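The structure appears below as structure tokens.
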Amino acid sequence: MEPWELTPWGELDAVIRLLIAAVVGGVIGYEREHAGKAAGLRTLILVCIGAALLTITSIYGFGEPADPSRIAAGVVVGVGFLGAGTILHGEGGIVAGLTTAATVWTVAAIGLAIGSGLYLVGVVTSVIILVALRFPKAPRHPD
């Protein structure tokens, strides 16, 4: 059996990866939704699961040994565009949505990690993100 071939146990492992991605994305999404942000529970679950599924597919879905990093690179770029759509430029040059964009991008990275089987890395990163999102905002000072 080659490392890229998926056994029945491997398929169960892939499902577990998707479920972990859903939980982790959901926890971060719940925090964002509770904070009243644009990217909330459903969005971040979908981003995390989507990144995990694309990673799993890139590792196991193409038979011959392929380069899984190609799909990972595409996820990083594609989600960057998704996150860019959450950034707003308001009156007076105020920029809003940077944290939401960064959260979407980082949740995709967590999905890539979990989809690769790096469960602990994905969960620990999620905890770090949750802590960072709870930091109080620094007051804005006029220039």
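The values are calculated or read from the model by the stated rules, or taken from the named source; none is laboratory data. Keep in mind it's a predicted model, so treat the numbers as computed, not measured. Here the Cβ is made from the backbone with ideal geometry for all residues, glycine too, and neighbour counts use every protein chain on show.
Residues considered: 116, 69. Of these, the only one that is surrounded by fewer than 14 Cβ atoms within 10 Å (Cβ to Cβ) and hydroxyl-bearing (Ser, Thr, Tyr) is 69.
Among the residues of region 52-68, the one identified as assigned to a helix (DSSP H, G or I) and at pLDDT below 80 is 68. A single entry from 107, 95, 131, 124 fulfils the requirement of being at pLDDT 95 or above and within 16 Å of residue 38 (Cβ to Cβ): 107.
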